[in-house]
Every structure is written in C-alpha cells, then in structure tokens.
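Structure first, commentary second.
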Amino acid sequence: MNLTYCPNFGGVINHSLFTENRAKEFNKYFINGIPVIYAWGVNYRLRKFAKRAIALTKNENSIGWNKPGHEYAFYHPLPRTYKKQKEWYEIINKKLSEFK
C-alpha cells in the first residue's frame with residue numbers, strides 16, 4: 001500500500017484516491033458522468049486535497065454538503081453523533097435523488 005505524507009495535515013493519508021501516489025488507480029476507476037460525493041471533512045488543512053479532488057473530477061456531477069462560507073469544506077458522512085450522521089444521509093440522499 002502506498003502511503004502519502006501530508007505535512008500540511010500533519011500525518012499520513014493512505015486512503016485518498018486523490019493523492020498523487022494513487023493517480024493510476026484514480027484514472028482506472030473514475031468514470032465520467034456518475035455522481036461524485038464530496039465528503040472529506042471540514043478541516044481547513046484538507047483544502048489542498050480538496051482542491052486536487054475537485055480539479056481531478058472537474059467538479060462535474062458532484063454533490064456534497066458544503067460548509068457555508070468554506071469553498072473546499074464538505075461535511076464528512078460520519079460526524080460524532082447519530083443525529084448528525086442521519087442529517088448528512090438525508091441531505092445527500094435528497095441531492096442524489098435530484099441528480100440529473
């Protein structure tokens with residue numbers, strides 16, 4: 001498994017398909033025209049990854065629950081409380097159902 005060190009985030013990111021180390025995998029599995037759910041979290045230090053993800057997907061067919069006033073911050077599907085998890089699911093499910 002390739003690990004990517006992210007000094008701006010202060011650790012190792014090993015699961016993001018949007019890292020440079022996983023570019024071949026991204027190119028192999030990404031399919032244009034299907035919905036892309038942005039949900040990496042709202043930590044400001046993730047903006048570099050967020051910008052790369054948005055650039056790679058060309059922001060086409062994307063949905064997410066964007067944090068107000070923060071262009072690259074999208075709420076994660078597993079916040080700490082069940083209530084917030086359910087809220088995330090309901091918002092994303094509604095957006096998916098409206099997807100054209």
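The values are calculated or read from the model by the stated rules, or taken from the named source; none is laboratory data. Since this is a predicted model, take the numbers as computed values, not measurements. We place every Cβ from the backbone using ideal geometry, glycine too, and count neighbours over all the protein chains shown. For accessibility, only protein heavy atoms count, side chains too; no ligands or nucleic acids. Shrake-Rupley method; radii C 1.70, N 1.55, O 1.52, S 1.80 Å.
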Given all pairs of distinct Cα atoms, the chain yields a Kirkwood Rh in Å of 14.5 Å
Just round it to a whole percent: the fraction of Cα-Cα distances in region 48-100 exceeding 16 Å.
-> 50 percent
Quick one: accessible area per residue over the chain, 1.4 Å probe, rounded to a whole number of Å²?
-> 74 Å²
For residue 80, what charge total do you get from the other residues with a beta carbon under 15 Å from its beta carbon, if Lys and Arg give +1 and Asp and Glu give -1?
-> +2
Taking the highest mean first, how do the peptides 38-47, 63-72 order by number of other beta carbon atoms within 10 angstrom per residue?
-> 38-47, 63-72
Here the FRET efficiency for residue 89 versus residue 58, based on Cβ atoms and R0 = 22 Å and rounded to 0.05, is 0.25
Within the accessible area of the chain, what % is carbon and sulfur when the probe is 1.4 Å and the other protein chains stay in place?
-> 54 percent
Partner lysines for residue 83 [C-alpha distance under 30 Å; skip if fewer than 8 residues away on the same chain] | 48, 51, 67, 94, 95, 100
